[in-house]
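Working notes for the structure below.
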Amino acid sequence: MKLIFLGPPGAGKGTLAARAVDILGIPHISTGAIFRSAIAAQSPLGLKVKAVIDAGKLVDDETTIELVKERLSRGDLPRGYILDGFPRTIAQAEALETFSAVDRVVNFDLPDSAVLERLGGRRVCRNCGINYHIVFNKPREEKICDACGGEVYARDDDREEAVAKRLEVYRSQTAPLIGFYREKGLLVDVDAQPEANTVVENFKKALGL
Ligand code: AP5
Ligand code: MG
């Protein structure tokens with residue numbers, strides 16, 4: 001199954017994707033995570049995108065489309081994929097149609113007040129990328145990842161000004177994709193507001209699993 005996870009920043013796309021990987025047995029591809037790895041490695045891509053991401057803006061379409069096209073062409077996705085955070089503009093969605101046909105687009109719905117609460121408390125493992133939250137999902141030991149022992153930190157783009165920018169960018173550039181995919185009959189809506197296990201159940205129901 002080829003799935004897109006669409007939704008505002010902090011909706012829980014990455015958190016649910018980690019669960020959906022086990023349920024569906026298909027890999028999770030997050031453009032945000034790929035960019036963060038590139039930044040950590042200080043690769044040419046990382047150096048190019050760091051300032052843009054830290055400011056809460058979008059990386060340019062050309063760079064992002066090229067990255068996803070290359071990732072999907074490797075031949076290691078025979079059963080499909082979960083594409084999290086791509087496409088994020090109509091131009092990206094149109095480009096994707098030229099190299100891959102998705103089966104469903106899962107739209108995670110969450111009000112802005114909940115976005116602020118989730119991103120303000122989010123922590124991420126620097127090593128394996130697992131998400132935590134200082135209230136909803138704490139690591140057993142403060143600042144240490146349960147899964148790999150890596151350092152758990154706050155993302156640079158979770159600062160208040162960057163979050164405000166990300167929400168604005170989401171509304172103007174990404175939310176139009178909801179109508180784009182609804183018209184094509186591909187969209188399924190999932191209420192992302194309840195606690196994580198309930199969101200998993202909502203997701204399974206929405207996909208008829
Ligand atoms: P990206 O990494 O994709 O960030 P995002 O879309 O803003 O989404 P987040 O990762 O912030 O949120 P999420 O929905 O995954 O929520 P999470 O599961 O972490 O992109 C980062 C940046 O990269 C972009 O701003 C852009 O610059 C660039 N970029 C990426 N893709 C691009 C593209 N296609 N084009 C151009 N630029 C691109 O959950 C959030 C928190 O809530 C966590 O703490 C979690 O523990 C908690 N939580 C999750 N679910 C629940 C729940 N049900 N109840 C309570 N708490 C919960
Ligand atoms: Mg994410």
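Checking R126 against (1) in contact with a Phe, Trp or Tyr (Cβ under 7 Å, 6 or more places away or on another chain); (2) closer than 30 Å to L209 by Cβ; (3) open to solvent by 60 Å² or more (accessible area, probe 1.4 Å), only one condition comes out false. Which one?
For R126, the failing item is (2).
Matching residues to (1) out of contact with any Asp or Glu (no Cβ under 9 Å at 6 or more places or on another chain); (2) in a loop (DSSP other than H, G, I, E, B); (3) more than 18 Å from D191 (Cα to Cα):
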position	(1), (2), (3)
V102	yes, yes, yes
E161	yes, no, yes
R166	no, no, yes
Q173	yes, no, yes
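May I ask you to list the residues in region 2-29 that are among the hydrophobic types (A, V, I, L, M, F, W, C), buried (at least 23 other Cβ atoms within 10 Å of the Cβ) and in a loop (DSSP other than H, G, I, E, B)?
Scanning region 2-29 gives a single hit, A11.
Please verify whether region 37-48 includes one or more residues that are touching a residue at least 24 places away in the same chain (Cβ under 8 Å) and either at positive phi or not in a helix (DSSP H, G or I) (or both).
no
Across region 88-100, which residue is farthest from the chain's Cα centre (by Cα) among those that are part of a helix (DSSP H, G or I) and touching a residue at least 12 places away in the same chain (Cβ under 8 Å)?
Of region 88-100, the ones part of a helix (DSSP H, G or I) are 90-99.
Now drop any that are not touching a residue at least 12 places away in the same chain (Cβ under 8 Å), which leaves 90-93, 95-96, 99.
Numbers: I90: 17, A91: 18, Q92: 15, A93: 15, A95: 19, L96: 16, F99: 20 Å.
Going through the qualifying residues, I end up with F99.
Quick one: which residue in F108, F203 is closer than 17 Å to G14 by Cβ and assigned to a helix (DSSP H, G or I)? Can you show your working first?
Numbers: F108 fails: assigned to a helix (DSSP H, G or I).
Among F108, F203, only F203 is closer than 17 Å to G14 by Cβ and assigned to a helix (DSSP H, G or I).
Looking only at region 17-48, count how many residues are near ligand 1 (Cβ under 7 Å from one of its atoms) and among the hydrophobic types (A, V, I, L, M, F, W, C).
Qualifying residue count for the region: 2.
Take the residues of region 179-200 that are assigned to a loop (DSSP other than H, G, I, E, B) and more than 16 Å from ligand 1 (Cβ to nearest atom): which is nearest to E117 (Cα to Cα)? Talk me through it step by step, then tell me what you get.
Step one: filter region 179-200 for residues assigned to a loop (DSSP other than H, G, I, E, B), giving 184-186, 192-195.
Filter once more, keeping what is more than 16 Å from ligand 1 (Cβ to nearest atom): 184-186.
Working: K184: 33, G185: 32, L186: 30 Å.
Once the filter is applied, the top-ranked residue is L186.
Output the residues belonging to region 170-200 that are among the polar types (S, T, N, Q), in contact (Cβ under 8 Å) with a residue 60 or more places away in the chain and more than 26 Å from L58 (Cβ to Cβ). Can you show your working first?
Here is the first cut: in region 170-200, the residues among the polar types (S, T, N, Q) are 172-174, 193, 197-198.
Now drop any that are not in contact (Cβ under 8 Å) with a residue 60 or more places away in the chain, which leaves 173-174, 193.
Within region 170-200, no residue meets the criteria.
What's the total number of residues in region 164-195 that are aliphatic (A, V, I, L, M) and either at pLDDT below 95 or over 16 Å from the mean Cα position of the chain (by Cα) (or both)?
Initially, region 164-195 is screened for residues aliphatic (A, V, I, L, M), giving 164, 167, 169, 175, 177-178, 186-188, 190, 192.
Within this subset, residues satisfying the condition of being either at pLDDT below 95 or over 16 Å from the mean Cα position of the chain (by Cα) (or both) are 164, 186-188.
Within region 164-195, residues that are aliphatic (A, V, I, L, M) and either at pLDDT below 95 or over 16 Å from the mean Cα position of the chain (by Cα) (or both) number 4.
What number of residues in region 96-123 are open to solvent by less than 40 Å² (accessible area, probe 1.4 Å) and either near ligand 1 (Cβ under 8 Å from one of its atoms) or farther than 25 Å from E66 by Cβ (or both)? Spell out the reasoning first.
Just the residues of region 96-123 that are open to solvent by less than 40 Å² (accessible area, probe 1.4 Å), to begin with: 96, 100, 102, 105-108, 110, 114-115, 119, 121-122.
Right, trim to either near ligand 1 (Cβ under 8 Å from one of its atoms) or farther than 25 Å from E66 by Cβ (or both) and you get 107-108, 110, 114-115, 119, 121-122.
Of the residues in region 96-123, 8 are open to solvent by less than 40 Å² (accessible area, probe 1.4 Å) and either near ligand 1 (Cβ under 8 Å from one of its atoms) or farther than 25 Å from E66 by Cβ (or both).
If only one of A162, A147 is more than 23 Å from M1 (Cα to Cα) and open to solvent by 60 Å² or more (accessible area, probe 1.4 Å), which one is it?
Values: A162 fails: open to solvent by 60 Å² or more (accessible area, probe 1.4 Å).
Selected residue: A147, the only one of A162, A147 that is more than 23 Å from M1 (Cα to Cα) and open to solvent by 60 Å² or more (accessible area, probe 1.4 Å).
The values are calculated or read from the model by the stated rules, or taken from the named source; none is laboratory data. This one's a predicted model, so the numbers in the text were calculated from it and none came from an experiment. Counting neighbours? That spans all protein chains shown, and the Cβs are built from the backbone with ideal geometry, glycine included. Note: areas computed on protein heavy atoms with side chains; ligands, DNA, RNA excluded. Shrake-Rupley method; radii C 1.70, N 1.55, O 1.52, S 1.80 Å.
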